[in-house]
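Every number here is computed from the coordinates shown, using simple stated rules; none is lab data. On a predicted model such as this, the values are computed, not experimentally measured, just so you know. Virtual Cβ from ideal backbone geometry, glycine too; neighbours counted across all protein chains shown.
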């Protein structure tokens with residue numbers, strides 16, 4: 001291996017890793033597809049490794065390509081933070097990001113606070129709603145970025161983490177033994193409600209929906225008060241709650257992907273930096 005790792009080469013490489021195609025990567029970095037291909041060839045030459053592999057008619061990352069992803073994210077995060085710290089013209093602008101409120105409460109505070117410290121002149125607008133609504137806002141150009149829940153392997157957006165959907169009840173209440181079973185669930189447009197009802201129907205467990213809300217805090221409050229059982233991501237199980245098992249009569253539930261999706265608006269440097277920052281932060285937690 002010889003030479004140095006050009007940050008722009010790494011940025012283009014990550015655009016491919018996140019989008020899964022050279023066409024999408026070219027759009028994300030505002031270059032032609034041929035220019036992206038040349039950049040990636042140069043990156044392979046610098047590293048002396050093959051970073052891409054043919055997958056049928058498409059192209060994917062090789063084993064070495066996957067190894068490079070986490071290094072590239074960390075390098076770009078430090079690179080961008082250093083530039084921001086010493087830049088005479090600080091990054092400015094506005095980014096509109098949407099997220100379900102459970103992620104806003106459990107996953108984002110430290111990520112966004114660190115971004116705000118690095119780029120204090122960027123205005124962040126956070127919209128908390130369910131994933132179906134956020135998808136609509138992205139399509140209509142009303143959001144720049146959105147953190148979404150989708151079924152595992154849906155290949156929607158850029159994967160942040162995979163989470164297990166679980167049944168949860170209060171530690172000190174036997175509400176899960178009631179018949180019919182009272183449920184506190186997100187509104188019907190949330191796939192979690194479908195998962196819950198389909199699983200209970202499968203085992204012929206009588207149930208009723210006692211509470212519905214778009215707010216994770218409201219569902220957690222109903223559970224902690226011993227009023228209902230809920231279905232949420234494992235990362236949202238709060239203190240005073242516990243998971244219910246199949247041995248207790250609660251069928252296994254699927255996993256979901258938490259992804260970062262980008263809108264169709266023109267390239268916005270503040271949006272690019274925030275997307276890179278979020279992805280790097282989640283990948284660092286997973287490492």
Per the rule of 0.36 nm per residue minus the C-alpha distance, extending residue 59 to residue 23 adds in nm 11.8 nm
With Cα springs under 10 Å, the Gaussian network model of the chain assigns the largest mean-square fluctuation among 16, 115, 86 to 86
Rounded to the angstrom and largest first, Cα extents along the principal axes for the range 1-64 equal 30, 26, 18
Burial-style ranking of 248-258, 49-59, average other-beta-carbon count within 10 Å with highest first, yields 248-258, 49-59
per DSSP, antiparallel bridges as share of beta bridges in the range 163-256, % nearest 5, sits at 55 percent
With label points set 7 Å from each Cα along the Cα-to-Cβ direction at residue 234 and residue 269, the distance between them in nm comes to 4.1 nm
In nm, the gap between the two label points placed 7 Å beyond Cα toward Cβ at residue 116 and residue 177 is 4.6 nm
Subtracting the Cα-Cα distance of residue 197 and residue 82 from 0.36 nm times their residue separation yields 36.4 nm
In nm², the average projected area of the convex hull spanned by the Cα atoms of the chain is 17.1 nm²
Restricted to the chain, the DSSP antiparallel beta bridge percent, nearest 5, is 60 percent
Taking Cα atoms, the helix 191-202 axis meets the longest principal axis of the chain at an angle in degrees (rounded to 10) of 40 degrees
